[in-house]
Amino acid sequence: MKKTMYEKIWESHFVHQEPGQAPLLYVDRHLMHEVTSPQAFEGLRISKRPVRNPHSILATMDHCVPTKNRDLPIADPIARKQIETMADNCEENGLNLYDMESPDNGVIHVVVPEHGFVHPGMVVVCGDSHTATHGAFGALAFGIGTSEVEHVMASQTLPQQKSKTMLVQVDGQLSKHCTAKDIALAIVGVTGTAGGTGHVIEYAGEAIEALSMEGRMTVCNMAIEAGARAGMVAPDQKTFDFLEGKEFAPKGEQWGQALTYWKSLVTDEGAEFDAVITLNATDISPQVTWGTSPEQVVGVNDIVPAPESFENKGKRIACEGALKYMDLAANTKMTDIAIDYVFIGSCTNGRIEDFRDAANMAKGTQVAEGVTAIAVPGSFHVKIQAEKEGLDKIFKDAGWEWREPGCSMCLAMNGDELKDGQRCASTSNRNFEGRQGKGGRTHLVSPAMAAAAAAAGHFVDISKLG
Amino acid sequence: MDQYKKHESVAALMNRSNVDTDQIIPKQFLKKVERSGFGVHLFHDWRYNDDGVTNNPDFELNKPAFKDAKVLVAGDNFGCGSSREHAPWAIADYGFNTIISTSYADIFYNNCFKNGILAIVVDEAQLDALMQEINASEGVSFVVDLENQAVTTPAGNGFNFEIDPFRKENMLKGLDDIGLTLKHIDKISEFEEKHKQQFPWLWA
């Protein structure tokens with residue numbers, strides 16, 4: 001029987017199934033941050049259950065951490081308590097924590113790959129919907145709720161029904177200035193935010209193979225925006241080269257053993273998927289969202305759609321609501337939309353290549369009058385690398401703020417947020433109402449698009465640049 | 001977790017699609033380290049006026065007729081976005097124990113059942129009929145019978161629904177998932193030994 005990569009990983013982690021109950025799936029790696037874990041630790045304490053495999057856990061502090069004045073205590077007492085609780089919980093249970101003072105600190109989905117903590121073939125969970133990021137390594141990685149965080153800590157397993165599989169095939173080559181982010185947004189534009197519900201996506205095709213590991217992480221990161229809990233890419237030489245020598249990567253004789261196993265994981269030729277979607281990368285232009293759902297997306301050279309252009313009644317109503325919230329008129333050219341704010345960062349686009357792309361666009365420009373632009377590295381390692389390359393200087397010279405790492409304005413929990421009515425070009429993953437601050441209006445774009453918008457004060461069709 | 005019992009309750013209506021967990025419980029309320037007390041923040045940005053305290057009369061759940069509702073009838077793809085379990089905590093704390101929609105985001109759906117919320121899936125025609133019935137008169141009550149997988153309504157739009165038998169059993173008995181799994185701890189240990197031998201680098 002021909003098998004998909006998902007099926008191979010599933011089978012190698014199947015522990016047991018009691019009649020009438022869901023199968024138990026073994027979990028290799030458990031990632032944690034301060035927001036979705038405290039109640040799980042509390043649950044363990046109440047039921048007097050220990051953490052079964054502390055070595056399987058890697059924790060960080062990212063959602064609530066300030067991106068400036070990090071030497072001062074966190075001003076918000078509730079956020080401070082959450083950070084302190086995380087430190088206490090990790091200390092009490094002997095867990096590996098990259099706390100705010102650690103040189104390894106940063107956004108969970110950025111720091112984990114930096115240390116090679118996730119390998120091909122693993123089952124990886126985290127109380128965070130963007131856990132799908134790690135599928136870029138050919139792992140089955142998905143977000144879970146806090147009750148499940150507790151379940152995994154107690155048992156190293158999760159009751160899980162098998163998902164359906166979806167192949168997203170992206171053929172052809174990307175045009176100049178088009179990136180992994182544009183692929184990710186274009187896919188959500190095709191599937192819609194519920195299209196992948198109940199499925200695990202495997203991304204394949206020439207355009208996916210051509211992406212760097214960082215680009216693959218960006219694509220997998222947004223699987224959840226297509227409704228899929230997990231997205232994955234077959235491991236290849238790029239994956240192995242990325243992992244080799246990293247802190248938690250296999251060493252010596254075990255590297256060879258691991259490599260043999262990892263190569264066996266790829267989907268068998270002729271294996272069947274429950275759904276198949278095909279895109280051509282040459283058709284993908286720089287993408288910009290216009291609404292309040294990631295599926296409300298068009299090419300930058302396009303216009304804001306009119307409600308009547310949607311046949312589906314639900315989508316028509318959603319369009320009306322989104323235009324009202326976003327204060328946009330139908331048929332406005334995307335390049336005529338003026339912005340107030342630019343945010344580059346997040347687990348979607350907070351890696352070194354993202355800052356290289358953006359700096360390349362920002363070099364020699366000035367942030368347009370009335371626009372605030374912030375660059376927030378995904379980790380201290382990204383920050384230090386960027387500074388070594390002089391990227392921080394490019395941003396600062398262009399009038400940007402160069403911040404400390406954290407989730408920052410992706411979800412605006414740490415005080416970095418839009419004011420009511422402000423419009424932002426953001427490299428994050430969600431343009432929901434109020435996501436970046438109550439009344440804030442978010443347009444999702446790639447780092448290069450964000451940097452071009454910062455200089456122009458409105459969106460720019462960067463595919464027309466040399 | 002409390003046992004889920006057959007009940008007759010007012011059904012409230014939220015006729016919106018793609019309601020995301022950022023709306024269900026906005027991020028400023030995620031900093032607490034407890035599980036309780038989120039109900040007052042449910043749908044905060046829609047529910048309250050700009051002062052954050054007084055009710056916005058235009059928000060559907062603020063209608064007096066929906067005051068004691070335990071059943072929430074909602075549009076497609078309910079609970080999409082973030083994995084935050086604070087969303088079902090807020091929904092349960094507010095007083096809902098049942099949601100009826102055409103579909104839910106996967107993580108949210110799982111989270112509901114961990115918190116005593118029965119998430120029922122219906123088809124589009126059924127949802128339309130339920131919505132019309134709620135709109136047609138004040139304070140419509142539905143009977144939700146999990147044991148028999150049935151919902152009945154005054155106007156006869158009742159239906160039977162599908163549910164995973166494992167979830168049903170746990171809801172009816174109010175069972176703790178972790179306790180159930182730990183009954184198989186020997187099987188987990190046995191698997192772990194085999195896994196260690198097969199993939200020694202995971203423990204290096």
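Per residue of chain A, the DSSP helices (runs of n ≥ 4 H) give a summed -39500 (n - 2.57) that works out to -9000 deg cm²/dmol at 222 nm. Each residue of region B:161-174 is assigned a 3J(HN,Hα), and the resulting list reads 10, 8, 7, 4, x, 5, 5, 4, 4, 4, 5, 5, 9, x Hz, derived from the Karplus form 6.51 cos²θ - 1.76 cosθ + 1.60 (θ = phi - 60°), x at Gly and Pro. Peptides A:189-199, A:369-379, ordered by how many other C-beta atoms sit within 10 Å of their residues on average, highest first, read A:369-379, A:189-199. When the residues B:F29, A:F41 are ordered by accessible surface, computed with a 1.4 Å probe over the protein chains alone, the sequence from largest down reads B:F29, A:F41.
Label sites at A:D283 and B:E162, each approximated as a point 7 angstrom past Cα along Cα to Cβ, lie 3.1 nm apart. Amide H to amide H distances under 5 Å link A:T332 with A:V304, where only residues 5 or more positions off or on other chains count and H is placed in the peptide plane.
Here, region B:42-99 has an Rg and a Dmax of 12.0, 31 Å when only alpha carbons are counted. Taking only protein heavy atoms and a 1.4 Å probe, the accessible area of region A:203-324 is 49% carbon and sulfur. Give me D for region B:69-204 in µm² s⁻¹, whole number, from Stokes-Einstein with Rh from the Kirkwood sum over alpha-carbon pairs, 37 °C and 0.692 mPa s. Result for D is 192 µm²/s. Distances between placed amide hydrogens fall under 5 Å for A:A141 paired with A:V124, A:G135, A:G231, all partners being 5 or more residues away or on another chain. What you get for region A:377-466, charging only the Cβ of Lys and Arg (+1) and of Asp and Glu (-1), is a dipole of about 180 debye around the Cα centre. For B:Y48, the amide hydrogen comes within under 5 Å of the amide hydrogens of B:N56, counting only partners 5 or more places away or on other chains and with H modelled in the peptide plane. Each Lys and Arg adds +1 at its Cβ and each Asp and Glu adds -1 at its Cβ; summed about the Cα centre, chain A shows a dipole of about 360 debye. The label-point distance for B:E138 and A:K419, in a model that sets each label 7 Å from Cα toward Cβ, rounds to 4.4 nm.
Note on region B:1-148: Cα Rg divided by 2.2 N^0.38 Å, N the number of residues, gives 0.99. With both residues required to sit in chain B, DSSP beta bridges show an antiparallel share near 45%. Summarising the strand pairing of chain A, around 20 percent of its internal DSSP beta bridges are antiparallel. For region A:308-411, the spread of Cα positions along the three principal axes, ordered from largest to smallest, is 52, 28, 18 Å. For the peptides B:75-82, A:176-183, B:195-202, the ranking by mean Cβ contacts within 10 Å, running from highest to lowest, is B:75-82, A:176-183, B:195-202. In the context of the full set of protein chains, the protein assembly as shown has a per residue accessible area of 36 Å² (1.4 Å probe). The order of the peptides B:6-15, A:225-234 by mean Cβ neighbours within 10 Å, most packed first, is A:225-234, B:6-15.
A:L174 contributes an accessible area of around 50 Å² to the protein surface, as traced by a 1.4 Å probe with all chains present. Cα extents for region A:140-249 along the principal axes, largest to smallest and rounded to whole angstrom: 48, 39, 20.
Seen from A:A258, the other residues with C-beta closer than 11 Å to its C-beta sum to a net charge of 0, counting Lys and Arg as +1 and Asp and Glu as -1. In the neighborhood of A:N53, defined by Cβ-to-Cβ distances under 12 Å, what is the net charge if each Lys or Arg adds +1 and each Asp or Glu adds -1? Once positives and negatives cancel, what remains is +1. Counting, for every residue in A:9-19, the Cβ atoms of other protein chains within 10 Å of its Cβ and taking the mean gives 3. Residue by residue along A:433-441, Cβ atoms of other protein chains within 10 Å of the local Cβ number 4 on average. Applying the Karplus relation 6.51 cos²θ - 1.76 cosθ + 1.60 with θ = phi - 60° to region A:228-236 yields 3J(HN,Hα) values of 8, 6, 9, x, 8, 10, 4, x, 9 Hz, where x marks Gly and Pro. Pairing chain A with chain B buries about 5400 Å² of accessible area. This figure sums both sides and uses a 1.4 Å probe. Comparing Cα centroids, region A:355-405 and region A:271-319 end up 30 angstrom apart. Expressed per residue, the C-alpha convex hull volume of the protein assembly as shown stands at 149 Å³.
Within region B:1-25, name every residue whose backbone N is under 19 Å away from a label modeled 7 Å from Cα of B:E147 along the Cβ vector. Answer for this model: B:2-9. Across region B:196-204, computed HN-Hα scalar couplings (Karplus, 6.51 cos²θ - 1.76 cosθ + 1.60, θ = phi - 60°) run 4, 6, 6, 10, x, 5, 5, 10, 5 Hz from first to last residue, x flagging Gly and Pro.
The mean number of Cβ atoms from other chains found within 10 Å of a Cβ in peptide A:136-148 is 5, as a whole number.
Rounded to the nearest 20, the size of the Cβ-charge dipole of region A:87-179 about its Cα centre is 760 debye, with Lys and Arg at +1 and Asp and Glu at -1.
The values are calculated or read from the model by the stated rules, or taken from the named source; none is laboratory data. Being a predicted model, the structure only gives us computed values, none of them experimental. Here Cβ is always computed from backbone atoms with ideal geometry, including for glycine, and neighbour counts include all displayed protein chains. For accessibility, only protein heavy atoms count, side chains too; no ligands or nucleic acids. Shrake-Rupley method; radii C 1.70, N 1.55, O 1.52, S 1.80 Å.
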